Amino acid sequence: IDDYQPGAMIGIGVFGNWKGNPERVVWSSKRTESMSPAEKAKMEERIAAAKIARDEELKQRQQAAATEATKYWESAQPADPDSEYLKRKKIKPHIARQIGSTIILPVYCANSDSLSSIQRVEPDGTKKFLSGGKTKGCYCKIEGDAEIVYIVEGYATGATIAEATGAEVYIAFNAGNLTEVASEVRDRYPDSADVICGD
């Protein structure tokens, strides 16, 4: 930003880990306690503008991924019960679909149940999401009795529990997403018992 001095500039950077509980660190080439009120105001203005631009870029990438996910999902066939991955895990297909030898799982956004991404599961168990797709707070669900609702990390665990109990199961896809999905489940089923099953 302009330092309001001829030829002088103040460099600013914002960085951090935005996964889980985000922590933001603001760096500037000039210590904030040495800045004038005008400089501080200009710095905050630039940071706010950068955040708006970053949020808009993220939104566009997530929308593009959701469109791609829908194409994948609609082109996939119901999963073959004899596919390598399902046979090795000894589970039924349930909601899974398949393209070639790859199992396709839907990733739905909380609150809207709209498709935000897919998870591709290769025969060897390798799992990948679509690049840019929203996954935080998202899930896929195996329908069942909602008196007790299970929240699990992975699809194989979820399918195993669904088959053993007949209960409704939400798959959070990873441990860091369990509490996010559990919050959604509590909102949807306030009278049900929730059980979180970490791997």
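The values are calculated or read from the model by the stated rules, or taken from the named source; none is laboratory data. As the structure is a computational prediction, the values presented were derived from the model and not from experiment. Heads up, the Cβs are rebuilt from the backbone with ideal geometry, glycines too, and the neighbour counts pull from every protein chain shown. When the accessible area is computed, the model is the full protein with side chains, heavy atoms only, and any ligands, DNA or RNA have been set aside. Shrake-Rupley method; radii C 1.70, N 1.55, O 1.52, S 1.80 Å.
The residues of region 46-199 expose, per residue, 53 Å² of accessible area to a 1.4 Å probe. Applying the Karplus relation 6.51 cos²θ - 1.76 cosθ + 1.60 with θ = phi - 60° to region 132-140 yields 3J(HN,Hα) values of x, x, 6, 10, 5, x, 9, 6, 10 Hz, where x marks Gly and Pro. Here the accessible area of region 110-199 is 47 percent carbon and sulfur, with a 1.4 angstrom probe and all protein chains present.
When the square roots of the Cα gyration tensor eigenvalues are ordered a ≥ b ≥ c, the ratio a/c for region 41-199 is 1.5 or more and a/b does not exceed b/c, which makes its shape oblate.
Here the spin labels are modelled as points 7 Å beyond Cα on the Cα-Cβ line, and at LYS136 and LYS51 they lie 1.3 nm apart. Measuring against 30 Å, Cα to Cα, the residue pairs LYS40/LYS136; LYS89/LYS141; LYS40/LYS134; LYS59/LYS127; LYS87/LYS128 contain LYS40/LYS136; LYS40/LYS134 as the ones spanning a longer distance. Placing +1 on the Cβ of every Lys and Arg and -1 on the Cβ of every Asp and Glu, with no other charges, gives region 56-116 a dipole of roughly 340 debye about its Cα centre.
Carbon and sulfur together cover what percent of the accessible area of region 40-87 at a 1.4 Å probe radius? Its accessible area is 52 percent carbon and sulfur atoms.
The peptide list 125-132, 146-153, put in order of mean Cβ contacts within 10 Å with the highest first, becomes 146-153, 125-132.
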